[in-house]
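First the structure, in the form of structure tokens, and then the observations on it.
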Amino acid sequence: MPGVQDAENLYLENYEHIGFRNLNNLKENGVRIKENEMGIKFEDLTKSIFTKLGFNVDKKLRQLLNTKKEKIDIVINLSNKELILIECKTIKESGYNKFSSVSRQLKAIEK
């Protein structure tokens, strides 16, 4: 039975397939995940990647900034009052561009 680290490595190796919700490739690569879990898994993997790169993924600040209506997926605190706000989106169809919806969401958070 694979360990937790092995499972995370398998998910990281399939990061792109999770982001594109490519169930067939995930199944072929031995990744068992329900489609309704992919968004959260993609967000968790993205947090893990930034953490491993040495960035400060600030969960407490994220909780302070989030409201009932607007929720930031990831806050990277660069200190000196500089932040990077990250909105994670998975996508099923490759031709759709989510820029406008993400842009609206980030502008709402900015206010």
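Rule-based calculations on the coordinates, nothing more; no lab input. Everything quoted here is computed from the prediction, not taken from an experiment. When we count neighbours, we look across all protein chains shown, and the Cβ atoms used for this are built from the backbone with ideal geometry, even at glycine.
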Fill in the blank from the handout: Ranked from fewest to most other Cβ atoms within 10 Å of their own Cβ, SER79, SER48 fall in the order SER79, SER48
Handout entry: Label point distance in nm, GLU87-ASN66, each placed 7 Å from Cα along Cα→Cβ
Key = 1.6
Fill in the blank from the handout: For the stretch 4-85, the dipole about the Cα centre with charges only on Cβ (Lys and Arg +1, Asp and Glu -1), to the nearest 20 debye, works out at 420
Completion exercise
Checked against a 24 Å limit on the C-alpha separation, the offending pairs among LYS52/LYS107; LYS52/LYS92; LYS27/LYS71; LYS68/LYS89; LYS27/LYS92; LYS41/LYS71 are LYS52/LYS107; LYS52/LYS92; LYS27/LYS71
Completion exercise
A correct fewest-to-most ranking of PHE20, PHE42 by other Cβ atoms within 10 Å would be PHE20, PHE42
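For GLU37, GLU43, which order do you get if you count the other beta carbons within 10 Å of each Cβ and list the fewest first? Numbers along the way, then the final one.
Numbers: GLU37 11, GLU43 17.
Listing GLU37, GLU43 from fewest to most nearby Cβ atoms yields GLU37, GLU43.
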